[in-house]
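The values are calculated or read from the model by the stated rules, or taken from the named source; none is laboratory data. Quantities reported herein were computed from a predicted structural model and do not represent experimental measurements. Every residue, glycine among them, receives a Cβ derived from its backbone with ideal geometry; neighbour counts consider all protein chains shown.
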Amino acid sequence: MQAASRSLRTTCRRTIPSLAPASRHNHTQPPIASQPQPSSTDSTSSGTTHFGFRTVPAESKETLVRGVFDAVAPNYDLMNDAMSMGVHRLWKDDLIKLLRPGSKGPVRCMDVAGGTGDIALRMLDWARENYADRETSVEVVDINGEMLKEGHKRFKKTMYHNTPQISFHEANAQALGEDRFPSNSYDLYTIAFGIRNVTSIPEVLKEAHRVLKPGGTFACLEFNKVTNPVLAPLYEQYSFSVIPLLGTILAGDRESYQYLVESIRRFPSQRDFAQMISDAGFATGGFFEGNGGAWRDLWGGIACIHTGVKV
C-alpha cells in the first residue's frame with residue numbers, strides 16, 4: 001500500500017507530456033478470471049451489449065443504466081466512496097492537477113457524464129485559485145436528469161452559480177448534436193467514471209473527437225484493471241463482497257451497486273482502451289503506462305487516467 005501511495009503522489013506531480021500520434025443480477029458470480037473479458041473490438045455491431053455481466057439488446061442498455069443512476073443519484077458521492085474506499089476524491093484532484101485548466105489562459109471545457117458537478121467545480125476552482133482565471137467555463141453534459149439536479153444543488157452553494165462559467169445540459173454522449181455542441185469548439189473534454197456505462201464507447205470517442213478543437217485534449221478517469229499483484233486479490237474481494245453489501249446498508253440498493261462492480265470488470269484493459277482512443281483519431285503517446293505513455297495508473301490500476309490530443 002505504501003508503494004501504491006508513492007505511485008499516486010508521483011502521478012499528482014506530472015503534467016501532460018507531449019503526445020505523439022501513435023432482470024435480477026446473479027450475486028454468486030465466479031472469480032473474475034473466469035469472467036469473459038472485453039477487448040477493443042467489443043461493440044454493439046451484433047445488436048447486443050453488456051450490462052454488467054449480462055448480455056442485453058443494445059437498445060435496452062440506456063434505459064437500464066438510466067435506472068441505476070436514477071437510483072444512486074442522491075448518494076453518488078457515497079457510491080464512489082464505497083467503490084474506491086474514499087480515494088476517488090484524490091483521483092479527481094489528480095486529474096485536475098494533470099490537466100491544469102487555466103495554465104495557458106481561459107479554456108472552454110465539456111465535462112461529460114459529470115451531472116453532479118464535482119469535476120466541473122474542481123476545474124473552476126483550480127483555474128481561479130492558481131491563475132486568477134474567472135473566464136474558464138465548463139459545460140456539464142449528462143444523459144441523466146436526476147444527476148444534473150444534484151449538480152444544480154452543488155453549484156447553488158458556489159460563487160459560480162448563475163454565471164457564464166457553468167452550464168448544465170441533458171444530452172447523450174454518443175450523439176451530442178452539431179446544433180447544440182458544434183464541431184471544433186472545445187479546448188478540453190473530460191469524462192470521469194462514466195464511459196464504462198455507455199452503450200457504445202467508440203461512438204462516445206467519435207463525438208469527443210468531433211467537438212474538440214484541433215490540439216484539444218481528451219481526458220478520461222475510469223476504474224480499470226488492477227495491475228499491482230498485492231492489491232489485485234484484495235480489491236477483488238472488496239469489490240464483490242463488500243461493495244454490494246454497502247449498497248444494501250447505505251442506500252438500500254444492492255442491485256445497482258452490483259451492476260457498478262460488474263461494469264468495472266467488463267471495461268477494456270488499459271492498453272485496449274488506449275487503442276480505442278487512438279482509433280478515434282487521437283494522438284495518445286505510446287501504448288504504455290507513465291510519462292510519454294497513453295495512460296497513468298492510480299493505486300496500482302484500480303483507477304486510470306487516459307489522455308489524447310486531437311490532431
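General observations
- One residue alone among D81, D118 is closer than 28 Å to P202 by Cβ and out of contact with any Ser or Thr (no Cβ under 7 Å at 6 or more places or on another chain), and that residue is D118.
- R271 being surrounded by fewer than 20 Cβ atoms within 10 Å (Cβ to Cβ) and either modelled with pLDDT of 90 or more or at positive phi (or both): yes
- Qualifying residue in region 133-148 (condition: touching a helix residue (DSSP H, G or I) at 6+ places or on another chain (Cβ under 6 Å), part of a helix (DSSP H, G or I) and either modelled with pLDDT under 95 or closer than 23 Å to R66 by Cα (or both)): yes
- Checked against (1) touching a strand residue (DSSP E or B) at 6+ places or on another chain (Cβ under 8 Å); (2) assigned to a helix (DSSP H, G or I); (3) crowded, with 23+ Cβ neighbours inside 10 Å, G114 passes all but condition (2).
- Subset of region 222-276 that is under 19 Å from the mean Cα position of the chain (by Cα) and basic (K, R) - its residue that is nearest to R54 (Cα to Cα): R266
- For region 80-111, the candidate set comprises residues that are over 20 Å from V140 (Cα atoms) and assigned to a helix (DSSP H, G or I); within that set, the residue that is modelled with the highest pLDDT is L90.
- Those residues of region 246-268 which are in contact with a Ser or Thr (Cβ under 6 Å, 6 or more places away or on another chain) and surrounded by fewer than 19 Cβ atoms within 10 Å (Cβ to Cβ), in sequence order: R254
- Selection within region 168-207 - in a loop (DSSP other than H, G, I, E, B) and hydroxyl-bearing (S, T, Y): S183, S185, T199, S200
- Put simply, of T63, T49 the only residue that is modelled with pLDDT of 75 or more, out of contact with any Cys (no Cβ under 7 Å at 6 or more places or on another chain) and either aliphatic (A, V, I, L, M) or surrounded by 17 or more Cβ atoms within 10 Å (Cβ to Cβ) (or both) is T49.
- When residues of region 274-292 are limited to those that are in contact with a strand residue (DSSP E or B) (Cβ under 6 Å, 6 or more places away or on another chain) and buried (at least 21 other Cβ atoms within 10 Å of the Cβ), the one modelled with the lowest pLDDT: G285
- Of the criteria (1) more than 25 Å from H209 (Cα to Cα); (2) within 18 Å of the chain's Cα centre (by Cα); (3) surrounded by 23 or more Cβ atoms within 10 Å (Cβ to Cβ); (4) not aliphatic (A, V, I, L, M), which one W295 fails: (1)
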